[in-house]
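Asks: Have a look at this one.
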Amino acid sequence: MASTTPVPASNANASMARFEAQTTRYGSITMSIGLLLSLAGPAYIFFFSDLQITAGMVWLSLVAVAATFGVLWFVEPLTYFPILGSAAMYQAFMIGNISNKLLPAAIVAQSTIGAKAGTKRGDLAAVMAICGAATVHLTSLLIFVGLLGTWLVTRIPTEVIEVARLYILPSLMGAVLVQAIVSMKQLRPTLVAIGLALCMQFLILPNFQSVSMFSTALVVIFSILVSWLVRDRKKFRTNGGQ
Amino acid sequence: MNTMPVLALGDPMSTDIWAVANNPVLWICALGVFTVIFVQTVLYMRAARAAAPHVEMPKRELTESFRAGAVASIGPSLAVVLVAIALLALFGTPAVLLRIGLVGSAQAETASAQIAASTMGADLGGSLYTQQVFAVAFITMSLSGGMWMLTTLLLTPVLKKGGKSLAKKNPAVMALIPTAALIAAFSSLSIAELPKSNVHAMLIFISAGLMGLFLLLAKLLNAKWLREWALGFSIVISLTAAYFLHTA
């Protein structure tokens, strides 16, 4: 393990261990507070508004979302841990936009100072880069969305806002789908997913209206299963299961 | 909107989303999360500064790394800002700041919100998108986003000890599941837009086509910035098209 480290190994290892311990403590405490604060607003709406929201409504909706994205709650932390390391994990999952912003920032910083990923210098460079990215990100969100954006929406004519509200979903979703397909570059899962989604929309839903609440979740679950069954076995052979 | 007492907030059937979504309590919570991340950043920088001299890393390199990360994220951050502004009318500022700007992403959070709305028999932004539907969508997005933070809090110490993560043991499954899940979710939500109206159907193809075009141009011109801005540009141009199609 220690063979990759340069000269003053013990001193360097001790101070990196201290860095790890400190960031783990700071990171987990700040993230816990962040978690509580991000749930405080919804809790306030749930308990203190007159919107007649029942626990049943929230459960139903959470189950539908969990059936769609629940597997990612576990997969994403597992996927990013080897790349980010423990210190940056607590930053990344609070700041968000990991793959499109934080990872590129970390890589640029490492190449700027000529440090390799996974080395001690590389780790510190990555953490500093994420700090830099976080500072820019928070500031631009506060100024351009919090202040300017809010003001802008009050100035735009209401009929334009109405149109934007009515059509934002198709305007976003088509682009998001293409972005996901192109960035993942996996032909078989893509064909499976689109095929199953078409079946759901045009064959199953017209006949079984009752599944409409869970239609996306069902498409997701069956896409995972079918994609696994029709996977390219040549590509996956090296680690094929039992 | 008149003089409401604080505890009598909202009207379940009203479609005036902003009256609920921009409530001061939600603003305070959102700004609180910003503050927490700022504090975290400062603490991390102090820890890095203390460790650097012992690994033969001059202070200058820490500053350079910070600056490199900051500069590299200007483009992506402003690209997120553009998408966030487009979603303001739908979710109000505090929810957009927290759910789209931080923690989650526009893609996953909008998908979650639409799934939540559909369990209430409504669509995001549709005629049944009431304050009540918004509130359920917001609560669901927050709980779902909270799960990512919770798994991070629980799994990180485990992974640190174990070292050998599932990702190492079985990379094939780990690569396949998120790909299949995300593409399936976005396919399903896109295709569900098609039967809603002609304009909806056209917009799905317009926005998909625009994204394809921008990604192709980004590749041909080797323009990384265009890849980052592609989503924001696609949304804004599609919404402009929506305005003309709707009023035509």
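The values are calculated or read from the model by the stated rules, or taken from the named source; none is laboratory data. Please read these numbers as outputs of a predicted model, since none were measured by experiment. Cβ atoms come from the backbone with ideal geometry, glycine included; neighbour counts cover every protein chain shown. To get the accessible areas, we keep the full protein, side chains included, count just its heavy atoms, and leave off ligands, DNA and RNA. Shrake-Rupley method; radii C 1.70, N 1.55, O 1.52, S 1.80 Å.
Asks: Kindly indicate whether A:D123 is acidic (D, E) and crowded, with 19+ Cβ neighbours inside 10 Å.
Replies: Details: acidic (D, E): yes; crowded, with 19+ Cβ neighbours inside 10 Å: yes.
Considered against the rule, which asks whether it is acidic (D, E) and crowded, with 19+ Cβ neighbours inside 10 Å, A:D123 comes out as yes.
Asks: Only one of these is open to solvent by less than 10 Å² (accessible area, probe 1.4 Å) and at the interface with chain A (Cβ under 8 Å from one of its Cβ atoms): B:A72, B:A30. Name it. Walk me through it before giving the result.
Replies: Working: B:A72 fails: open to solvent by less than 10 Å² (accessible area, probe 1.4 Å).
Of B:A72, B:A30, the one residue that is open to solvent by less than 10 Å² (accessible area, probe 1.4 Å) and at the interface with chain A (Cβ under 8 Å from one of its Cβ atoms) is B:A30.
Asks: For the structure I just gave you, tell me whether A:L72 is farther than 24 Å from A:R25 by Cβ and facing chain B (nearest Cβ under 7 Å). So that I can check it myself, show each step before the final result.
Replies: Numbers: farther than 24 Å from A:R25 by Cβ: yes; facing chain B (nearest Cβ under 7 Å): yes.
Against the criterion (farther than 24 Å from A:R25 by Cβ and facing chain B (nearest Cβ under 7 Å)), A:L72 qualifies.
Asks: From the residues in segment A:36-48 that are surrounded by fewer than 21 Cβ atoms within 10 Å (Cβ to Cβ) and over 30 Å from A:D123 (Cα atoms), which one is nearest to the chain's Cα centre (by Cα)?
Replies: Initially, segment A:36-48 is screened for residues surrounded by fewer than 21 Cβ atoms within 10 Å (Cβ to Cβ), giving A:36-37, A:39-40, A:43-44, A:46-48.
If we keep only those that are over 30 Å from A:D123 (Cα atoms) as well, we get A:39-40, A:43-44, A:46-48.
Working: A:L39: 18, A:A40: 21, A:A43: 23, A:Y44: 25, A:F46: 25, A:F47: 28, A:F48: 30 Å.
Once the filter is applied, the top-ranked residue is A:L39.
Asks: Looking only at segment A:51-76, how many residues end up being modelled with pLDDT under 85 and out of contact with any helix residue (DSSP H, G or I) (no Cβ under 9 Å at 6 or more places or on another chain)?
Replies: Qualifying residue count, segment A:51-76: 0.
Asks: Take the residues of segment B:92-124 that are open to solvent by less than 10 Å² (accessible area, probe 1.4 Å), outside any helix (DSSP H, G or I) and under 16 Å from A:L169 (Cβ atoms): which is farthest from the other protein chains (Cβ to nearest Cβ)?
Replies: B:A122
Asks: Okay, next question. Here is a list: A:A88, A:A9, A:A17, A:A105. Which entry is of a type in the set (A, V, I, L, M, F, W, C), open to solvent by 40 Å² or more (accessible area, probe 1.4 Å) and modelled with pLDDT under 90?
Replies: A:A17
Asks: For A:K101, indicate whether it is of a type in the set (D, E, K, R) and either farther than 30 Å from B:V81 by Cβ or out of contact with any Pro (no Cβ under 8 Å at 6 or more places or on another chain) (or both). It would help to see each step written out before you state the result.
Replies: On the way: of a type in the set (D, E, K, R): yes; either farther than 30 Å from B:V81 by Cβ or out of contact with any Pro (no Cβ under 8 Å at 6 or more places or on another chain) (or both): no.
For A:K101, the condition - of a type in the set (D, E, K, R) and either farther than 30 Å from B:V81 by Cβ or out of contact with any Pro (no Cβ under 8 Å at 6 or more places or on another chain) (or both) - is not met.
Asks: Take the conditions in a helix (DSSP H, G or I), surrounded by 18 or more Cβ atoms within 10 Å (Cβ to Cβ) and over 20 Å from the mean Cα position of the chain (by Cα) and apply them to B:G212. Does it pass?
Replies: Working: in a helix (DSSP H, G or I): yes; surrounded by 18 or more Cβ atoms within 10 Å (Cβ to Cβ): yes; over 20 Å from the mean Cα position of the chain (by Cα): yes.
Yes, satisfied.
Asks: What are the pairs with Cβ atoms under 7 angstrom where one residue, in segment A:202-213, is without any contact (Cβ under 8 Å) to a residue 12 or more places away in the chain and the other, located anywhere, is charged (D, E, K, R) and open to solvent by less than 100 Å² (accessible area, probe 1.4 Å)? Sequence gap at least six, or different chains.
Replies: Close Cβ pairs satisfying both conditions: none exist.
Asks: Before we move on, is B:A241 closer than 24 Å to B:Q114 by Cβ and hydrophobic (A, V, I, L, M, F, W, C)? I'd like the intermediate steps shown before the answer.
Replies: Values: closer than 24 Å to B:Q114 by Cβ: yes; hydrophobic (A, V, I, L, M, F, W, C): yes.
Against the criterion (closer than 24 Å to B:Q114 by Cβ and hydrophobic (A, V, I, L, M, F, W, C)), B:A241 qualifies.
Asks: Across segment B:127-143, which residue is most open to solvent (accessible area, probe 1.4 Å) among those that are touching a residue at least 40 places away in the same chain (Cβ under 8 Å) and at the interface with chain A (Cβ under 7 Å from one of its Cβ atoms)?
Replies: Among those that are touching a residue at least 40 places away in the same chain (Cβ under 8 Å) and at the interface with chain A (Cβ under 7 Å from one of its Cβ atoms), it is B:Q132.
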